[in-house]
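Taking it in order: structure first as C-alpha cells, then the write-up.
The values are calculated or read from the model by the stated rules, or taken from the named source; none is laboratory data. Fair warning: this is a prediction, and the values are worked out from it, not measured in the lab. Note that each Cβ is placed from the backbone with ideal geometry, even for glycine, and that neighbours are counted across all protein chains shown. Surface areas here come from the heavy atoms of the whole protein model, side chains and all, with no ligands, DNA or RNA. Shrake-Rupley method; radii C 1.70, N 1.55, O 1.52, S 1.80 Å.
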Amino acid sequence: MLFTSWPFLLGFLPIALFGYGIASRHDPRWAKGWLVLASLAFYGFWDPYLIILISLSVLFNYGCSLAIRNPAANGSRKLNTLRFGIITNLIVLFYYKYFYSIIAFAFGHGLIHSMGGLSPIVLPLGISFFTFTQIGYLVDCHDGVSKDNSFIEYVLFVTFFPHLIAGPILHNGEMVPQFADNRRYGLKAWNLAPGLTMFALGMVKKSLIADSFSPTVSAGFYNIHHISLADAWISALSYSLQLYFDFSGYSDMAIGLAMLFNVRFPPNFNSPYKARNIVDFWQRWHMSLTRYLTQYVYNPIAMWQRRRRIARGLPMTRKALGTPQAFTAMVAGPTIATMSLAGIWHGAGVQYFVFGLLHGVYLSIFHAWKQFGPKPERVPAPVSKGRQFVMMAGSVALTYFAVLLGQIFFRSSSVHDAVGLLTAMAGGHDGSTWHLGQSRPEYIILVAKIVGAFALCWLAPNSQQIMAESHPILGPPPPATERLRWQPTPAWSLVTVVLVVAGLFSISDTSEFLYFKF
C-alpha cells in the first residue's frame, strides 16, 4: 500500500499507532514486536510471498552477523563469513533485478538463440534498500563498529516500514540504539503533532505537485522521436520536477512517520537543486546513498589503489599525488567506478549505467578542477553583491543542467530514447508531428506550472527548515527559517489540517513513488 492511499491512511496507520500505544503501556518489548509485525504486514500487503523473502533475508544476515561476531572465530573465518554473506546477498539481488534483463538483452542481440521459456521476474519492492542495509551491517560487524544487538532490534532496524520501500538507507549505529532505548516507546504528543505536519507536507508534494507532472512526462517520453523542441524541453523539465517533488515528498513522509513512533531518520533530501556544484548536489540528493557509497564502495576502492601504489614503491607524498597519473588512479578511477555501480544499482538497463557514468565524470572533473585549476587568491578581491549573485546563479544553473542531462538517461527506456530526446532538445526533430498541448492556453498552463515549481525549489525553505523547531532528523538541526517556522500553535494546527485535506482530495490520482522500482 502507498503512504498516500486510503488503506494506509484510514486502515494501516491508525491501527499501527493504536497498537503501538497499547503495547508500549505494557512492555517496550511488546511495542518492538508490534512494530515488526506491522512492518511485515505493510510489506506483505502487495504480496504475502514478500514476507517470506524478507524474513529469509533477515534470518540469513543475522546468522552471518552472529558468526562474524563470534569471539571464538579467527580473523580468516570472520572474513570468509563476511564474503559469503555479501556474495549471497548480491546473488539474490542480481537474480531478481538483473538476471532476466541480461538474458533478454542477449536474446535480443542474437547472443543466445532461446530464452528457455524464462518469463519476467517480478522485482520485490525495496529489495535494493534492505539488501544494502544488511550488507553494510555485516561489514560493520566485521570491522567491530556494530555492537551485539538483540534479534528483535535487528529485525526492526531492517523492516521498520517508513523506510522499507524507498529508503533512506539506514546505518545500524544510528538506528539500533534508538530501537534499544526503552524510554522512546509510547505515543508522545511532542512528536505526534510535528510528525503529522511533516507527513502532510510530504503528501502535498507528492500528490499535488509531483503527480500533476506525470501525464506530461509520460506523454513526452513516450513520443520522444516525434517531439518538437519546446515539447522536448517541457518534458525533460517536467520529469526533473516530478522526480524532485516525488522524492522530496516521500522523504518528508518517511521522516514524519518515523517521528510518530519517536524515531529519527538521517537526512536524505536537502534542496538539491540549490546545489552550486556536483559534489554539493550529491551531499543533498539521496544523502544516505551518497554516504553508503562513500563508506562501503569508494573508500575501499581508494584504499586498494593506495596499497597498490605502496606495494609498487610509488611515492605517496602530497606532490606525487598531485600528478595526473596519481589523480586518475586515486580519485577519478574510484569515483567513476563507484558512480557507475550506483547507476547500475538503480536498474539493469544500459541507460542507468550511462547515468552513473555521467555523474562519475562530473565529479572527477570537479575534483580535477580543484586539484589542477587556478588557485584562489589568499586575499580575494572584493566582489559586488550583484556579481556574487550572478556567479551563484550561474553555478546553480550549470549544476542543474548537468544533473538534467543525467536524469534524461535515468527516465528513458533506453540510451537510444535518451539520445532522441536530447536531439529534440537541440532542435534536431524538424517537422515534428506530435505536441504536448493542443492549444496555446495549455502550453501557458504547463509553463506556468514549471516556473512555479522551480520557484518552490529555489526560493522556498525546505521542510526540514520549516520543522527545525521539532528536530525532525538525526544530527544537528537545519537552519530554521523565520518566514515559515513550525510551532505547536493553533495556526499551525489549521495549516496541518488544510494540508491533510488537500492531500486527501488528490489521493485518487496518486501514483507509486518513483523509487519504488529500485
Given the options 50, 35, 56, name the one that is part of a helix (DSSP H, G or I), open to solvent by 70 Å² or more (accessible area, probe 1.4 Å) and either modelled with pLDDT of 95 or more or under 23 Å from residue 12 (Cα atoms) (or both). 56
Closer than 29 Å to residue 404 by Cβ and among the acidic types (Asp, Glu): is that true of residue 181 in this structure? no
Does the stretch 199-211 include one or more residues that are open to solvent by less than 30 Å² (accessible area, probe 1.4 Å), more than 23 Å from the chain's Cα centre (by Cα) and more than 30 Å from residue 414 (Cβ to Cβ)? no
Residue match in the stretch 177-187 (condition: of a type in the set (Lys, Arg), surrounded by 15 or more Cβ atoms within 10 Å (Cβ to Cβ), under 17 Å from residue 31 (Cβ atoms) and touching a residue at least 24 places away in the same chain (Cβ under 8 Å)): yes
Being under 30 Å from residue 266 (Cα atoms) and without any contact (Cβ under 8 Å) to a residue 12 or more places away in the chain, is that true of even one residue in the stretch 155-170? no
Pick from the stretch 441-487 the residues that are among the aromatic types (Phe, Trp, Tyr) and modelled with pLDDT of 90 or more: which of them is nearest to residue 242 (Cα to Cα)? 454
When you go through 21, 110, 75 one by one, which is the residue that is over 28 Å from the mean Cα position of the chain (by Cα) and within 30 Å of residue 206 (Cβ to Cβ)? 21
Which numbered condition in (1) touching a Phe, Trp or Tyr at 6+ places or on another chain (Cβ under 7 Å); (2) buried (at least 23 other Cβ atoms within 10 Å of the Cβ) is the only one that residue 268 fails? (1)
I'd like to check which helices (runs of 4 or more DSSP H) are fully inside the stretch 273-368 and have at least 3 residues that are of a type in the set (Ser, Thr, Tyr), surrounded by 19 or more Cβ atoms within 10 Å (Cβ to Cβ) and in contact with a helix residue (DSSP H, G or I) (Cβ under 6 Å, 6 or more places away or on another chain). 333-346
Might you let me know whether the stretch 371-383 holds any residue that is part of a helix (DSSP H, G or I), modelled with pLDDT of 85 or more and open to solvent by 30 Å² or more (accessible area, probe 1.4 Å)? yes
Which of the residues that make up the stretch 165-197 are within 18 Å of the chain's Cα centre (by Cα) and hydrophobic (A, V, I, L, M, F, W, C)? 165, 166, 169, 170, 175
Quick one: what pairs do we get from the stretch 69-93, first residue open to solvent by 90 Å² or more (accessible area, probe 1.4 Å), second at pLDDT 95 or above, C-beta under 6 Å, 6+ apart or different chains? none
